[in-house]
Amino acid sequence: MESFSTHTGIVATLNRSNVDTDQIIPKQFLKSIQRTGYGPNAFFDWRYTDDGKPNTDFELNDPRFAGRSILATRNNFGCGSSREHAVWALVQDGYRVIIAPWKEVNGERVPGFADIFRSNATKNGLLTVELSEEEIEQIFSAVASNLGQVATVDLPSQKITFQEPNALVFGFDIDKGSKERLLEGLDDIALTLQYEEDITRFETSYDPYIPVES
Amino acid sequence: MGKTLFQKVWERHVVRELADGSTLLYIDRHLVHEVTSPQAFEGLRLSGRKIRRPELTFSTMDHNVPTTEDRMDIKDPVSRAQVEALSQNCEDYGVTLFKIGDRRQGIVHMIGPELGLTLPGMTIVCGDSHTSTHGAFGALAFGIGTSEVEHVLVTQTLNQRKPRTYKVEFTGTPGPRIFSKDFVLKLIGTIGTAGGTGHVFEYCGEAVSALSMEARMSICNMSIEAGARAGMIAPDETTYAYIAAENRPYAPKGDQLDRAIAYWKTLPSDDDAAYDRTLTIDTSRIAPQVTWGNNPGMVIDIDQPIPEPDSLAGYSRADVENALAYMGLAPGTFLTDVPVDVVFIGSCTNARIEDLRLVAEILKGRKKADHVQLLIVPGSQQVREQAEAEGLPEIFKAAGGEWRYAGCSMCLGMNPDQLRPQQRCASTSNRNFEGRQGKGGRTHLVSPQMAAAAAVAGKFFDIRKWPET
Ligand code: SF4
């Protein structure tokens, strides 16, 4: 698995909430049996017009975002289908970090990313960062007012620093497990195989039709 | 303090707690389909690893398969290659496969319960977000990515962080022609498409207890549309009767079934169990639901107008304007004035035998409107056979409908069943995302009877006003 420690790159914005994985990589590309080749088809339906030309109305096609690798967007990014192809497409299209806001709905905190997407992202070295809606708003205005806004995302210190003239700094939370896995680029399967004895022990005493007395 | 159904199932499957706060969880059933598995099998080949418990892994073909008479001959070379890759992978690694042409083939979330693979208290995973469907049996069932598919193949476990619990109680008695699809759409409209993220729902209450297994599956199916990876319903007599029915080859039988039921009876949440969140919905107040936008949370009662861009909590003006532009709808419009081009009855949400009976009840002796294409796609070949035994296809065909073979079909259009740009569809499926049913297609999610009525009326119809015959 890809590791992630620190990354500096141009920030692009996508002003949509509930961006679903059908949108990130439409179904026709899921027929591939490969793990690569998805990058040019990320956001396909928005990105290209019917004759296959770049759609100039699509925000991410804005020439000022050329070479971007950090994406700031709205709430509930990556919802919908479990397709890991969505993460492959983003990574292969050059994204290393996605930033989305958590949100308060009916007095409850609602995460910025869908669960399966987030777990798929971590497994592919794509960092997902949750900030508040106010902080995302600051990022949107910083990017709008400054051509080629660059930021540095530092995982060890859990900080995002925007370069001048918008010297914004944001701290972010991440669970310990995901952080370790990202930093070290650990192979999840190899990690679990260290516990093979535990699995075997579990299986010997296990009958799915009878509960174990505790 | 007592435990919830979720806690009981979770704790039963803990192989080991890990230092980083996550849990290694044992997986009882791994379901596999052709779309999200090829890269996982490729991973096995590259690493030289084996499947730890191939006998706990079951596979079918559903997303790519054509649903027409000539379906065995897949014309799209890429779809064919994917289906063939699954056959080869299952053969190479000793995994049971229900192929196209097999009586047991169908949408992966349909065949699990039908074959008795889906049982209470189990952990069930599949590289597919609608794995939540199996939670209707009191299983902990959730969708995973392809890397996790490979992880389960090799280790029969998954590394998970424990989700939080969310009790959703449906009280009261629903009005006539209000279905479980309306319950779940109402829930999503209430809490939003991310309202359940990080949680496992437990659906309960008298309105849930009164539902058939089929109707319970429709609710659990759409848990993911509210952001929850899983939704569970405690097993009860309805559950046991479903499992004990004939033709469930993998379900326990005889003594083993009795023993299993004794265990399953310990699963329901204890009276004093605590949940992280709770919500109560009075089903007597639920009207037929219909979505108007690009996600299942953009949903209204059939007799409400399309909302104004600024009026909607949880959505920005831009979100609503984008949705209305894509859907070709203006605020203030009533959907009962909006014509439909296609009616799709199918998918793992609503293509079970009970759904088809409900559709037949509406279509019997009637004809679809001339301008409407009516597609009826059973979720599994077993459902197809059952419907044939009951004479339902004759009713569908007499109404002008197309009666197809089992598969995902126009739920996502990976096979040739797709909407054309700007076609408007009343669909019994679960997602109304942009382009989901075909690029530029406009999807409205509804219950099976709402869909059938739209086919006859040629536009959306308030099913409560359907003439009783
Ligand atoms: S019917 Fe639709 S939602 Fe269900 S598994 Fe198939 S594509 Fe997914």
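Annotations
- Within region B:101-114, the set of residues being more than 14 Å from the ligand (Cβ to nearest atom) and either buried (at least 21 other Cβ atoms within 10 Å of the Cβ) or within 14 Å of chain A (Cβ to nearest Cβ) (or both) comprises B:Glu114 only.
- Here A:Ala114 fulfils each of the conditions (1) within 7 Å of chain B (Cβ to nearest Cβ); (2) in contact with a helix residue (DSSP H, G or I) (Cβ under 9 Å, 6 or more places away or on another chain); (3) without any contact (Cβ under 8 Å) to a residue 24 or more places away in the chain; (4) of a type in the set (A, V, I, L, M, F, W, C) apart from (3).
- Taken over region B:376-386, the criterion of being closer than 14 Å to B:Glu69 by Cα and hydrophobic (A, V, I, L, M, F, W, C) is satisfied by B:Ile376, B:Val377.
- From the options B:Ala19, B:Ala85, residue that is touching a helix residue (DSSP H, G or I) at 6+ places or on another chain (Cβ under 9 Å), free of Cβ contacts under 8 Å to residues at least 12 places away in the same chain and within 14 Å of another protein chain (Cβ to nearest Cβ): B:Ala19
- When residues in region B:428-451 are screened for being within 12 Å of the ligand (Cβ to nearest atom) and under 13 Å from the mean Cα position of the chain (by Cα), 5 of them pass.
- Test: residue in region B:49-61 that is at the interface with chain A (Cβ under 9 Å from one of its Cβ atoms), within 20 Å of A:Ser119 (Cα to Cα) and more than 16 Å from the ligand (Cβ to nearest atom): no
- Single unsatisfied condition, B:Gly435 versus (1) within 14 Å of chain A (Cβ to nearest Cβ); (2) buried (at least 23 other Cβ atoms within 10 Å of the Cβ); (3) touching a strand residue (DSSP E or B) at 6+ places or on another chain (Cβ under 7 Å): (3)
- Identity of the residue in region B:326-349, more than 20 Å from B:Ile463 (Cα to Cα) and either among the polar types (S, T, N, Q) or surrounded by fewer than 24 Cβ atoms within 10 Å (Cβ to Cβ) (or both), that ends up farthest from the ligand (Cβ to nearest atom): B:Gly332
- B:Ala251 vs. criteria more than 16 Å from the ligand (Cβ to nearest atom) and more than 14 Å from every other protein chain (Cβ to nearest Cβ): no
- Which listed residue is within 16 Å of the ligand (Cβ to nearest atom) and not hydrophobic (A, V, I, L, M, F, W, C), from B:Arg317, B:Arg352: B:Arg352
- Taking the listed residues A:Arg35, A:Arg109, the one that is surrounded by fewer than 24 Cβ atoms within 10 Å (Cβ to Cβ), free of Cβ contacts under 8 Å to residues at least 60 places away in the same chain, away from the ligand (no atom under 16 Å from the Cβ) and farther than 26 Å from B:Tyr315 by Cβ is A:Arg35, with no other qualifying.
- Any chance A:Asp93 is farther than 25 Å from B:Pro296 by Cα and crowded, with 16+ Cβ neighbours inside 10 Å: yes
- Options B:Gly413, B:Gly407: the member that is part of a loop (DSSP other than H, G, I, E, B), at pLDDT 95 or above and farther than 20 Å from B:Gln289 by Cα: B:Gly407
- Answer residue from region B:377-425, given it is within 16 Å of the ligand (Cβ to nearest atom) and aliphatic (A, V, I, L, M) and is surrounded by the most Cβ atoms within 10 Å (Cβ to Cβ) among those: B:Met410
- Listed here are the strands (runs of 3 or more DSSP E) enclosed by region A:22-105 that have at least 2 residues being under 25 Å from A:Glu135 (Cα atoms), modelled with pLDDT of 95 or more and more than 8 Å from chain B (Cβ to nearest Cβ): A:70-73, A:97-101.
- Checked against (1) closer than 26 Å to A:Ile25 by Cβ; (2) more than 16 Å from the ligand (Cβ to nearest atom); (3) in contact (Cβ under 8 Å) with a residue 60 or more places away in the chain, B:Gly121 meets all criteria but (1).
- Residue pairs meeting the criteria (Cβ under 6 Å; at least 6 apart or on separate chains; first closer than 19 Å to B:Ile286 by Cβ, in region B:429-457; second assigned to a helix (DSSP H, G or I) and of a type in the set (Lys, Arg)): B:Ser447/B:Lys181
The values are calculated or read from the model by the stated rules, or taken from the named source; none is laboratory data. Being a predicted model, the structure only gives us computed values, none of them experimental. When we count neighbours, we look across all protein chains shown, and the Cβ atoms used for this are built from the backbone with ideal geometry, even at glycine.
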